[in-house]
Structures are given as C-alpha cells and as structure tokens.
Amino acid sequence: MIDASKGIFVTGTDTEIGKTRVSAAIVALLGKCGLRAAGLKPIAAGTELIDGECINEDVYALRAAASMPITAAEICPYQFAAACAPHVAAALEGRRIERAGVLAAVAAVAQRADRIVVEGVGGFRVPLGDAAGPDGAWDSADLAVELGLPVLLVVGLRLGCINHALLSAEAIRARGLHLCGWVANTVDPDMPWVAENLDALAHGLGSAPCLGLIPRLPAPTPEAIAPYLNVPALHTLFKTQDLTTETP
C-alpha cells in the first residue's frame, strides 16, 4: 500500500472520458506549488509515433505535466501497442501484467515524489489478468485496493453518465476505498439538461465533492483545464500551499 497522503487514484466512468487530461492538469497544479509531482499510468494500451517516439499518448501527456524527472517506463511499466483491453493487448505480445511489477513501479516513484496521481485504465473494473495466470483473475479495482489511495472519479458528461457514475461509486465504496471527489468532463457538448444531470450526480455521489466541471475544450491542455478545477477543494485534498489558478 502507498502512503494515502501522497496522492490519489484516478478512475472513470468509461474509457476516453478525460482521465488523463484531468490527471495531467492536477499534476501540473501540484508542480506549481513547488512540489515534486508525477502522474502515473502503470498500464496503457495503444501506442503511436509522437515526436519520433513510439509511445502511448496518455503517457506522453503525463510525462509532460510532471514537475520532476521521470521516464516513460517509470510512468508506465506496462505499455502495449494494440489499442484494446489491456489483458488482450498483453496476450497479443506474449506478455502478462504482473501485479507485483505494477505495485513496485508505483512505490518506486512515490518514494521520490512529494505527490503522485495514479491513473487507472478504462473504467473501474477493467480485467488485468485471468484465472490461469500466476496472479489469478484481477482487475483495475483490485489495483486500486492494493494501492490504497483515495479515489477520484472522472465522469464523462453524456447520456447515461448518472448510471455509470453511481455504479462506479458503489463499486469503489464497496471495496472500502474513499471516494475523495469527482470531476465532470464534457464529452458530449450537445448534451441536454446538463444542470439537472449535475444535480443528480451531486445527490447520488453524496459526500464526495465536485472537484471540477470541464467544458469541451479545443485544446485540453493542463493550462486550459486548470481554471475549471475546484482549486480550494484540491488544496484541501492534497494538503498543499499556494495551489492557485486564474478563474475562467
């Protein structure tokens, strides 16, 4: 288990709903406090050529946001070429995702960093291994439990998000994890009844505070996202000083 005061675990209501963008923005804000901050995504599926480097785009974004020296291999020890479920991508390469390897990689960075943001893969219950493997059947929820960090839920605002968010929160809390907050990220800019959906989310997610409401942005960089985050709440969550940004 990682020291729970060192950071958070970021999960989402689905894949492609903004976990990395939110994680990178938080890491960048922590760096502006003078902290050594790093975002980790221990497992990532799907690589492409970026600036002459074959790398997962999420790993690339997290590396750029870090305020400490860190390599792609440290951010993501299990990076696979195919953009599919990670256990499938691993099998395609004749590899497996080792539980001990993931935990050791996160612990190693946590020892060097003041704060870490650990991003899961896909939603909260994505398979990482099967019963036939040496680690048995395990998934991203098991990873969150073993890390023991507070969990931040990124909710992709689109039709169906209330059900997805409440089911995810239920699964998080059922494992004894602390849901420390949620961020609403606009996936569908034409989604109707946004205010009503946000009210339902706030009611259904209970004591977990809303840590941000992000509109659809043409370039969702950490600098562009930062003004839409609940900075005072993040200040409290991370127990940091001078975590400030401009209002939109």
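The values are calculated or read from the model by the stated rules, or taken from the named source; none is laboratory data. What you see is a predicted model, and the numbers here were worked out from it, not measured in a lab. Quick reminder, even Gly has a Cβ in these numbers, built from the backbone with ideal geometry, and neighbours come from all protein chains shown. Side chains included, ligands, DNA and RNA excluded: accessible areas come from the protein's heavy atoms. Shrake-Rupley method; radii C 1.70, N 1.55, O 1.52, S 1.80 Å.
Residues considered: GLY160, GLY181, GLY212. Of these, the only one that is modelled with pLDDT of 95 or more, exposed (fewer than 14 other Cβ atoms within 10 Å of the Cβ) and within 17 Å of GLY12 (Cα to Cα) is GLY160. In this structure, is LEU149 over 22 Å from ALA64 (Cα atoms) and out of contact with any Pro (no Cβ under 7 Å at 6 or more places or on another chain)? Yes.
What residue, among those in segment 133-142 that are open to solvent by less than 50 Å² (accessible area, probe 1.4 Å) and in contact (Cβ under 8 Å) with a residue 24 or more places away in the chain, is nearest to SER168 (Cα to Cα)?
Of everything passing the filter in segment 133-142, ALA141 is nearest to SER168 (Cα to Cα).
Of all the residues in segment 32-65, those that are more than 24 Å from PRO86 (Cα to Cα), touching a Lys or Arg at 6+ places or on another chain (Cβ under 9 Å) and small (Gly, Ala, Ser) number 1.
Checking the condition surrounded by fewer than 21 Cβ atoms within 10 Å (Cβ to Cβ), in contact with a Gly (Cβ under 9 Å, 6 or more places away or on another chain) and acidic (Asp, Glu), which residue from ASP199, ASP130 passes? Spell out how you get there, then give the answer.
Details: ASP199 fails: in contact with a Gly (Cβ under 9 Å, 6 or more places away or on another chain).
Exactly one of ASP199, ASP130 is surrounded by fewer than 21 Cβ atoms within 10 Å (Cβ to Cβ), in contact with a Gly (Cβ under 9 Å, 6 or more places away or on another chain) and acidic (Asp, Glu), namely ASP130.
Failed condition for VAL118, given (1) within 20 Å of ARG21 (Cα to Cα); (2) modelled with pLDDT under 95, with all others met? Going through the list (1) within 20 Å of ARG21 (Cα to Cα); (2) modelled with pLDDT under 95, VAL118 breaks only (2).
Considering segment 85-100, and only residues there that are among the charged types (D, E, K, R) and either open to solvent by less than 60 Å² (accessible area, probe 1.4 Å) or under 14 Å from ALA132 (Cα atoms) (or both), the residue that is nearest to the chain's Cα centre (by Cα) turns out to be ARG99. Among the residues making up segment 3-31, those that are open to solvent by 10 Å² or more (accessible area, probe 1.4 Å), in a loop (DSSP other than H, G, I, E, B) and within 23 Å of GLY160 (Cα to Cα) are THR13, ASP14, THR15, GLU16, GLY18.
Residue by residue, here is whether (1) part of a loop (DSSP other than H, G, I, E, B); (2) among the hydrophobic types (A, V, I, L, M, F, W, C); (3) touching a residue at least 24 places away in the same chain (Cβ under 8 Å) holds:
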site	(1), (2), (3)
ALA91	no, yes, no
GLY94	yes, no, no
LEU103	no, yes, yes
ALA108	no, yes, yes
VAL118	no, yes, yes
GLY123	yes, no, yes
ALA144	no, yes, yes
LEU149	yes, yes, yes
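Screening ALA44, ALA38 for residues that are open to solvent by less than 10 Å² (accessible area, probe 1.4 Å), touching a helix residue (DSSP H, G or I) at 6+ places or on another chain (Cβ under 9 Å), more than 20 Å from LYS239 (Cα to Cα) and part of a strand (DSSP E or B) leaves exactly one candidate, ALA44.
Output the residue which, of all residues in segment 47-74 that are of a type in the set (S, T, N, Q) and free of Cβ contacts under 8 Å to residues at least 24 places away in the same chain, is surrounded by the fewest Cβ atoms within 10 Å (Cβ to Cβ). If you could, list the steps in order and put the result at the bottom.
Quick first cut of segment 47-74, residues of a type in the set (S, T, N, Q) only: 47, 56, 67, 71.
Still in the running and free of Cβ contacts under 8 Å to residues at least 24 places away in the same chain: 56, 71.
Values: ASN56: 24, THR71: 9.
Ranking the candidates gives THR71 first.
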